[in-house]
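The values are calculated or read from the model by the stated rules, or taken from the named source; none is laboratory data. Bear in mind that the values here come from a model prediction, so they are computed numbers and not experimental data. Note: ideal-geometry Cβ built from the backbone for every residue, glycine included; neighbour counts use all protein chains shown. Heavy atoms of the whole protein, side chains included, go into the accessibility calculation; ligands, DNA and RNA do not. Shrake-Rupley method; radii C 1.70, N 1.55, O 1.52, S 1.80 Å.
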Amino acid sequence: MNKETSMQQELVEIRRHLHQNPEVGMDLPATKKFVWQKLVEYGYEPQACGEMGITCTIGQGERVFLLRGDMDALPLTEDNDLPFRSVNGAMHACGHDMHTTMLLGAAKILKERESELKGTVKLLFQPGEEILQGAKDCIDAGVLENPKVDAGAMIHVFPFKDLPLGNVFVAPAGTFMASADWFEIKVQGVGSHGSMPEVSIDPINVATKIYDALQTLSAREISSAERFVLTIGEFVGGTPGSSNVIPNSAFMKGTLRTLKEEVRQQIKKRMVEISEAIGQAFGAKVTIDFTNGCCSNEIDQAVTETVKAGLENVFPSNVLGKAPLALPMMGSEDFGEISHRIPTTTMFITVADTELMLHNPKIVFDESVLNFGSNVYVEAALAYFESV
């Protein structure tokens, strides 16, 4: 068995363990322990980073390049026939098990190629990406300091219909992915019997007025030249079976995604003003809370051009020259928080020829790309060091 085949087999074993034992959000004790032990096995001295993150370094020199892999899964029941599918009610439907595995593979390769490093690589195994908390937590814990990070990169696997597996797309300069804000709007009214609405303050009535008003932001308040998405994904009012009861309260939950920070802040301000004013007009108390959020993912021109050129040199047939999807994406990545603090790039790897999208409970990712992904991480860092 040659070295590359052996490496691929090892990565498949790691990935299947992670896939079969997914953990969600910031609560990843088993995942953290597993990754930590692998890093020790590979000769690293891992350190805790925030609540559940792990970081370690390799190499020497003043220039420091960050490689990030996220570790958390989704609260989603897996629905496929994989022999190693998850059965605990969570699922790596976004491919974070692939990212963690690839970064562990990169860690092993970097140890073997340590003499080639002309700088320091900092590895970050990050929790809580799906809930937009992990990157901020790691930043607050000092991941970009000691040693101070100069630039960085992330990988995300992605399904592309009719594209060969094992290709890499390096994001172009500029805004690549939207910011995201999760919000909750609570309407407190006064309940009553369904026959006596005049003695109530109907929270469902108020909530529907707020819902309609928020949709006019794109039509009447924000320029049509600006792209943003405001979605109400949950609307709750009343109790099932209680059709003759006006409830005391109702609430909505949703997401806001924007491409420009000034537009983001303008819309959030107007959401609060509109919601509270409508509540006041109808005599209800309305509160709006922005619970989780992350900045847009910004791509630095120098870093992305350097990384792409380096990958084209090593993988001349595997680097996509044209974007395989519409840009900028309205999806979000909490790596955006890092991209607003240091110059970064983002790389997508083709991992499934399917029309199914990420977060689908039936999606299956092809493990044949694991070793390739590990080497993409490594070559991105090497390319950066060669350029400075």
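A few remarks follow.
- Residue count for the range 17-39 satisfying the condition of being open to solvent by 50 Å² or more (accessible area, probe 1.4 Å), assigned to a loop (DSSP other than H, G, I, E, B) and out of contact with any helix residue (DSSP H, G or I) (no Cβ under 7 Å at 6 or more places or on another chain): 1.
- Residue count for the range 78-133, restricted to those that are outside any loop (DSSP other than H, G, I, E, B) and charged (D, E, K, R): 7.
- Residue within the range 193-213 that is in contact with a strand residue (DSSP E or B) (Cβ under 8 Å, 6 or more places away or on another chain), among the aromatic types (Phe, Trp, Tyr) and open to solvent by less than 10 Å² (accessible area, probe 1.4 Å) present: no
- Some residue of the range 41-55 being of a type outside the set (S, T, N, Q), in a helix (DSSP H, G or I) and over 17 Å from Asp334 (Cβ atoms): yes
- Every residue from the range 329-380 that is hydroxyl-bearing (Ser, Thr, Tyr) and within 17 Å of Leu82 (Cβ to Cβ): Thr354, Ser368
- If you filter the range 58-77 down to residues that are assigned to a loop (DSSP other than H, G, I, E, B) and either of a type in the set (Gly, Ala, Ser) or within 22 Å of the chain's Cα centre (by Cα) (or both), you find that the one that is farthest from Leu18 (Cα to Cα) is Gly61.
- For Val149, the conditions (1) touching a residue at least 40 places away in the same chain (Cβ under 8 Å); (2) surrounded by fewer than 16 Cβ atoms within 10 Å (Cβ to Cβ); (3) on the phi < 0 side of the Ramachandran plot are fulfilled apart from (2).
- Just one of the listed residues (Ile342, Ile363) is under 19 Å from the mean Cα position of the chain (by Cα), part of a loop (DSSP other than H, G, I, E, B) and over 19 Å from Thr100 (Cα atoms), and it is Ile342.
- Sole residue being within 29 Å of Gly254 (Cα to Cα), of a type in the set (Phe, Trp, Tyr), under 22 Å from the mean Cα position of the chain (by Cα) and open to solvent by 10 Å² or more (accessible area, probe 1.4 Å), chosen from Phe290, Phe335: Phe290
- First in the range 62-74 and among the β-branched types (Val, Ile, Thr), second anywhere and assigned to a loop (DSSP other than H, G, I, E, B), Cβ under 7 Å, 6 or more apart: Val64/Gly119; Val64/Pro147; Val64/Lys148; Val64/Val149; Val64/Asp150
- Residue in the range 239-258 that is of a type in the set (S, T, N, Q), part of a helix (DSSP H, G or I), at pLDDT 95 or above and more than 30 Å from Val388 (Cβ to Cβ) present: no
- Test: residue in the range 162-174 that is assigned to a loop (DSSP other than H, G, I, E, B), open to solvent by 10 Å² or more (accessible area, probe 1.4 Å), within 27 Å of Ala352 (Cβ to Cβ) and out of contact with any Ser or Thr (no Cβ under 8 Å at 6 or more places or on another chain): yes
- Criterion applied to Ser317, Ser296 was being buried (at least 17 other Cβ atoms within 10 Å of the Cβ) and closer than 29 Å to Ile155 by Cβ, and the one residue passing it is Ser296.
- The range 64-78: number of residues that are surrounded by 20 or more Cβ atoms within 10 Å (Cβ to Cβ) and more than 16 Å from Glu129 (Cα to Cα): 4
- Number of positions in the range 175-192 that are aliphatic (A, V, I, L, M), surrounded by 19 or more Cβ atoms within 10 Å (Cβ to Cβ) and farther than 30 Å from Phe315 by Cβ: 3
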